[in-house]
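Single-structure report; data block below.
The values are calculated or read from the model by the stated rules, or taken from the named source; none is laboratory data. As the structure is a prediction and not an experimental result, all values here were calculated from the model. Virtual Cβ from ideal backbone geometry, glycine too; neighbours counted across all protein chains shown. For accessibility, only protein heavy atoms count, side chains too; no ligands or nucleic acids. Shrake-Rupley method; radii C 1.70, N 1.55, O 1.52, S 1.80 Å.
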Amino acid sequence: MRWLVLIVSGLVSLLVAPKIIKWYTNRGWLDDPEKSPHAKKTHAAPVPRGGGIVVWLGILLASILFLNLDSYLIAILIGGTLLMVVGFLDDILDLHPLWRLLAGLVASLIVVGAGIGIAYVSNPFGPGVIHLNEPTIQLSLLGETREIWVLSSVFAIFFILWNMNILNWSKGVDGQLPGFVSIAAIFIGLLSLRFLDDPTTFNTAHLSFIVAGAYLGLLFWNWYPQKMMPGYGAGSLAGYLLSVLAILSGAKVAATLMVVAIPTADGIFTITRRLLAGKSPFWGDRGHLHHKLMDLFGWGKRRIAIFYWLASLLLGIVSLYLNTTGKIITFFLTLGFVFGFLIWAKFKTSRN
């Protein structure tokens, strides 16, 4: 069943993509580096974005066909639809980063408001778990009294919003984003089959494989030389969906951070670097890991994309066998490796 849903969502996105490419091209909605030059851009010819529409149609159709439409899934689909629409507007209008951040916050609030939260995390320093169900706030809404777990909700919102922005930055070269997102979704699905504390009535593993399939369909058109770019839509949906899947499944925070450790390390370093330089952390530059691999080592786009895939694949395999403490140690070792390389790259660039 899980491979069937992957194939269906993959075929939908694979077959929809040419229509979106043609629509964008006929309308002139192209990311043209000559008309809007920016240091972060790595493509030389005009390319349509629109990847968010492609993956979302694949996910939406497969979810309706195969999953139980309960309140949790409806909230996920509403939040995802919002991100897809904002991604479409960004494709043609280049929205200010703060508008995109606001959209991400609203999407996060929608799913957390539906009851999808992080009730506990495994204790990395000993047995048992750390509960996040205190303190609480009582609210009366539509004649019903609801209890809000403050710490759990804040943690979940931050986790979702963080991954949305971090993963969105890791789409700088052809095939980079859809490849490692597909791998990450598959591993979350595999982990969710082992740890069944799913608070929903639908199978989280199936949704994980639906997401993987949709991004694999996009990968066919985003692979070098790309015919379509993911855009903010596919980038933000990647972090949003992987985060929600991690919350719903037994994979939880540590395993998910492991699978996307390379983009996360790059994101943390980028934010720190920009803040120390007195710059806004939201505005792009040419200081990401994929830029340094390209500019300093001369790596091609295909090699960089495959490097991201293999890193996610290796860390995903390791996550299947490590406990929480081992996952955290591995995550910080990965951070140290990426930080060390980027610091060296910064000094080398400054000397040049």
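General remarks:
- Computed FRET value (nearest 0.05) for Leu101 with Ile74, which takes r as the C-beta separation and R₀ as 35 Å: 0.90
- Mean Cα-pair separation over length for the chain, i.e. relative contact order, pairs under 8 Å, 6 or more apart, %: 24 percent
- A straight chain from Ile329 to Lys348 at 0.36 nm per residue would run longer than the Cα-Cα distance by 4.0 nm.
- Heavy-atom accessible surface of the chain, averaged per residue, reaches 45 Å², computed with a 1.4 Å probe.
- Using the average count of surrounding beta-carbon atoms within 10 Å as a protection proxy, the listed peptides 178-185, 44-51 rank, highest first, as 178-185, 44-51.
- Spin-label pair Asp32/Tyr321, simplified geometry with 7 Å Cα→Cβ offset, distance in nm: 5.3 nm
- Apportionment of accessible area to carbon and sulfur, the chain, percent (1.4 Å): 68 percent
- Of the DSSP H helices in the chain, those with a Cα length along their own long axis of 20 Å or more and a mean Kyte-Doolittle hydropathy reaching 0.0 comprise 2-27, 51-66, 71-93, 97-113, 150-169, 176-194, 204-222, 231-248, 261-276, 301-319, 324-351.
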